[in-house]
Every structure is written in structure tokens, then in C-alpha cells.
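Taking it in order: structure first as C-alpha cells, then the write-up.
The values are calculated or read from the model by the stated rules, or taken from the named source; none is laboratory data. Model, not experiment: these values are computed from the prediction. Here the Cβ positions follow ideal geometry from the backbone for every residue, glycine too, while neighbour counts run over all protein chains shown. For the accessible areas, the whole protein counts, side chains as well, though only heavy atoms, and no ligand, DNA or RNA atoms are used. Shrake-Rupley method; radii C 1.70, N 1.55, O 1.52, S 1.80 Å.
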Amino acid sequence: MLDTRNELDMKKEIEQSLDRLTAPESLRDFARNIAWHSENKKPDRRRAGRRPWVTGFVAGAAAVSLLFVTAEMSPAFASMLKQIPGVSVAAEWLDTLRRQDGVENAAAHKYMPFEPVVQQFGDMKVSLADVYLTSDKLMYKVFIRTDALKEHIAKNPDGSLSLDRTADFYAVESVDFDMIEGSGSEDLITDQETGEPILVISNIIDLEPEAVQAFLQGNPDTLRFEIYAGTHASGRVDRQYAMKVPFSPDQQLKDRIIQANRRIEVKGDPDIGAVVLDNIRVTPLNTYAELRLDNSAEYSLDLRLNGDGKEDPVKLTDNNGKVYPLVSYETKYQPVHDRFQPGVIKLTFNSSPFFDETVDRLTLHVGAVEVSDWTKSGSFTLDLNEPLPKPIRFKNKEMTITETRYEDGFLKLKVRQKSEDRMSVRFDIPSLRPDKEKSPELWEAYYGEKADLRKERIMPTEGNEEYELAFMVPKQETYEIRVKREADPVRIDRTIAFDLR
């Protein structure tokens with residue numbers, strides 16, 4: 001069951017979006033499943049106009065540089081760039097994306113096992129490029145040019161372009177592998193010479209390692225993809241196309257896996273015994289790490305992301321001083337048990353030392369994390385007629401309700417939280433949430449027009465000790481209020497070092 005407004009709001013938004021989309025049912029089921037775990041996916045810093053379906057936090061997206069095709073680039077890379085429609089006008093964007101997904105690092109070392117494929121389907125020209133298969137991931141980019149896009153271009157407030165809601169929906173799916181989870185996005189770019197719009201779909205799909213091994217043992221010579229297109233009004237796919245990319249298992253480079261198993265003890269926190277770095281995986285594209293809480297089944301782990309960008313929540317550095325920036329992180333998924341592990345996060349770092357023989361040591365600095373209750377919570381009973389102030393004891397810290405009132409359909413409270421007892425807390429009244437089937441209008445107001453009026457979480461700020469809460473509930477004499485720790489910052493500030501050899 002979902003426990004926070006953000007989770008429910010995101011689920012509602014995604015479900016409503018799905019009702020307007022046409023896609024293979026496997027894609028729709030996947031997106032619905034992700035909606036239930038949306039709170040564990042940090043939104044990335046993308047420009048308006050990109051239509052993400054699932055993604056993680058992207059660091060430093062504003063820092064971009066130009067991509068120049070020079071003689072120093074491998075012939076295969078230069079050839080690929082020429083075959084991708086719109087690359088000349090999307091150079092800045094494409095360079096940023098390739099830095100993030102690791103393609104630039106691999107291409108710089110002449111590791112490009114797949115040649116791009118370009119095919120024409122009626123008036124639609126499709127380029128399939130940047131295809132990489134690793135031990136547990138499949139990555140690919142699709143560039144679509146068709147006249148059907150021209151009538152549905154919308155301009156965002158920042159001047160960027162996107163497609164309106166009546167535009168056809170396009171999806172690209174692997175035929176060889178079942179999709180577990182992953183990240184994907186859409187961008188609309190414009191050809192500078194012709195002015196034609198080009199839709200760019202970029203996907204990174206997580207795979208089961210066993211499935212990849214089974215695929216390779218069959219000695220395949222192609223990777224197969226299906227392109228789906230359909231109108232929003234139809235509710236189903238009405239056009240489907242097949243594409244293949246030449247493939248040779250002999251060209252695959254194996255990932256390097258380092259079992260770190262390093263602990264960082266956390267003192268003075270009732271919920272955390274230690275933060276553990278389980279393993280590091282170095283691939284030709286990127287570097288990955290798993291970070292978890294000791295008691296991962298009871299609490300969820302997130303990174304402490306500072307909006308000012310002055311401090312990285314985690315920082316990966318090699319013995320030469322090179323920094324590998326954090327690209328994304330996500331809650332770990334167990335395909336065998338079909339569930340997420342809230343206390344385990346997978347970190348993806350930009351680029352890797354895979355090809356650098358001078359790198360024999362990495363250090364991971366963990367600045368701060370955020371911890372939330374996953375299975376545990378507290379509760380208290382509030383009587384509107386009881387004397388105030390009313391103290392509340394939660395996780396060895398104390399808060400005080402100083403004022404209660406009911407007005408305009410909301411239960412409103414003032415809560416005092418002293419600086420020494422500071423904690424990020426979610427208050428909730430689960431028994432009084434509206435039911436969609438029994439009270440559809442109330443449900444719509446709860447998650448729609450009145451959602452912003454609800455204030456159910458204390459997010460402590462420096463110098464502030466009193467906070468207001470507001471619950472959209474019917475008027476009663478007493479309320480049973482649940483209390484949960486949510487996205488509460490925990491300072492770690494420790495460094496773990498480990499050898500790669």
C-alpha cells in the first residue's frame with residue numbers, strides 16, 4: 001500500500017498519462033508497476049519538453065560542451081554520427097547525453113561493437129544507434145524523422161520544443177529480452193538545414209544477467225527491435241516495424257566486479273546501524289555501485305541532494321584524482337521476488353576506469369543520505385477538546401502540538417519542533433483518505449485541486465521551530481494520526497577506499 005501523497009499523486013499522474021498513450025501492453029504494465037515505486041526514483045534535471053517515462057536523478061545536466069567530429073575520433077564513431085539524422089544540430093545535447101550514459105567513454109577507446117542501422121518505413125526514417133549490451137543492461141537510441149511530427153509541435157515556456165497530446169506515440173522495444181526496469185526519455189530536436197523535427201528516444205534497460213548469458217550462448221548474429229506507433233485516440237498500436245542490428249558475441253567485453261563489502265558505522269541515529277558499500281561494477285560505459293542500510297527491509301535509503309549543487313551526495317574518485325560524477329541512482333529491484341528493496345540503492349557514475357591501466361584504486365565519499373520509515377511508524381490520538389500544548393514522543397525526539405482547529409474542510413495543527421529534536425516527519429490519517437470508487441469527486445479534489453492545500457510533512461529549516469500542518473479530512477472529535485520519518489537527512493561524511501586489482 002502506498003503511504004505518501006507524493007507516491008499516490010505520481011501514481012495518479014502516470015495512470016492518467018497511460019490512458020492517453022498507445023503502446024505494447026508490456027510497456028504499459030511496466031510503467032504502471034513503476035508508478036507504485038515512483039517515490040524511490042529521483043526526478044532528473046531535464047529541460048521542459050523532454051518526455052521521460054522512467055528515470056533517475058541526472059547530475060550536472062546544465063554543464064554541456066560541444067561535440068566536434070575530428071580526425072582523432074575513430075572512423076566508426078565518425079561514420080555513426082553521419083548516419084544519425086539531426087546530429088549536426090543536436091551536437092551539444094547529444095554530447096551531454098553520451099557523457100551521461102557512458103557512450104563517449106566507450107567510443108573514445110574504440111569500443112563500439114554495433115554499427116548504426118538506418119531504415120525507411122514509408123515516410124518515416126528511423127536510425128538505431130548507440131546500441132550497447134552489457135552483462136545486465138541494453139542501451140540504444142532511436143532517431144525518428146517523419147512528416148507526422150510536424151503538425152504536433154508545441155513550444156514550451158523556455159523555448160524548447162515538445163509534442164502535443166494529440167501526437168502519435170512511438171515506442172521501441174527489444175525482442176530478445178524481457179524488460180525488467182530502466183530509464184528512458186524523448187527529445188524533440190530540429191534539423192537546422194531543413195527545419196524538420198526529429199524525435200529522439202533514448203533507453204537504458206536493465207536485464208537479468210542470466211538472460212544475457214543465455215542469449216550469448218546461442219551465438220546470435222543480430223539484436224532485434226520492434227518499433228511501435230499509434231494514435232492516442234485509438235488506444236492501441238496500429239503500426240509496427242522490425243529492425244535488426246548486426247551483433248557478434250566475440251566483441252563483448254566483460255564487466256569487472258569488485259566485492260567491496262565495506263561498512264560505515266553511523267552513530268547517534270536510532271534507525272541506522274551502518275551504511276554498507278556492497279560491490280562496485282566497472283563496465284566499458286559507466287561505473288556502478290550498491291549502497292545499502294544494514295536494516296534495509298525496515299527503512300528506505302535515498303541520497304541527500306542539495307539544490308545549490310555545492311556538495312555531491314556521493315563522490316567517486318580514482319588514484320589519479322579523476323572524479324566520476326554521479327549520473328543517477330535508483331532503488332534496487334529483485335526480479336526473482338518482483339519487488340523493490342527500499343534500503344538498497346544502485347548508483348551510476350559517469351564514465352569508468354575500465355580502459356585505464358593506471359587506475360588501481362577508487363575511493364567513494366558519502367556526504368549525506370536520507371532515511372525514511374518503510375515498515376515502521378508511530379501514531380497518536382488527537383482530541384480537539386484536549387488541553388494544549390500536547391507533547392508527542394517519536395524516535396527519542398519530542399514535538400509539541402501548540403494549536404488545533406478545523407476550518408474549510410481541513411484539520412489544521414501547529415507543531416513546535418526544537419532545533420535539537422529536528423526531524424523530517426510525515427503525518428498521515430490513513431483511515432480518512434477518500435476512496436475513489438465510493439467518493440470519486442472527493443478523491444479527485446484530494447489528489448487534484450486541493451492537493452496543494454494539504455500540508456502533511458514537517459521539513460525542518462534552519463531558524464524555524466514552528467510548522468503548520470493541514471489534513472483534508474471530515475470533522476471529528478478525535479483523530480488517529482500516524483507519524484513516519486520521511487526523507488530525513490543523516491550526515492555521514494566518510495570515505496571508503498578499495499582496490500581494483
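For region 386-476, the fraction of 1.4 Å probe accessible surface lying on carbon and sulfur atoms is 45 percent. In a DSSP loop and with at most 12 other Cβ atoms within 10 Å, the trypsin sites (Lys or Arg not before Pro) in region 170-275 are ARG236, LYS254, LYS267. Normalised by 2.2 N^0.38 Å, where N counts its residues, the alpha-carbon radius of gyration of region 386-476 equals 1.19.
Our estimate of slack between GLU477 and ASP294, defined as 0.36 nm per intervening residue step minus the Cα-Cα distance, is 61.8 nm. A DSSP coil position with no more than 16 other Cβ atoms inside 10 Å describes the following GluC sites (Glu not before Pro) in region 393-468: GLU437, GLU449, GLU462, GLU465.
Computed with a 1.4 Å probe over protein heavy atoms only, the accessible surface of region 386-476 comes to 57 Å² per residue.
3J(HN,Hα) along region 269-285, derived from phi through the Karplus expression 6.51 cos²θ - 1.76 cosθ + 1.60 where θ = phi - 60°, amounts to 10, x, 10, 10, x, 6, 9, 10, 8, 7, 7, 10, 10, 9, 10, x, 9 Hz, with x in place of Gly and Pro. Here r is the Cβ-Cβ distance between ALA451 and ASP178 and R0 is 22 Å; the resulting FRET efficiency, rounded to 0.05, is 0.05.
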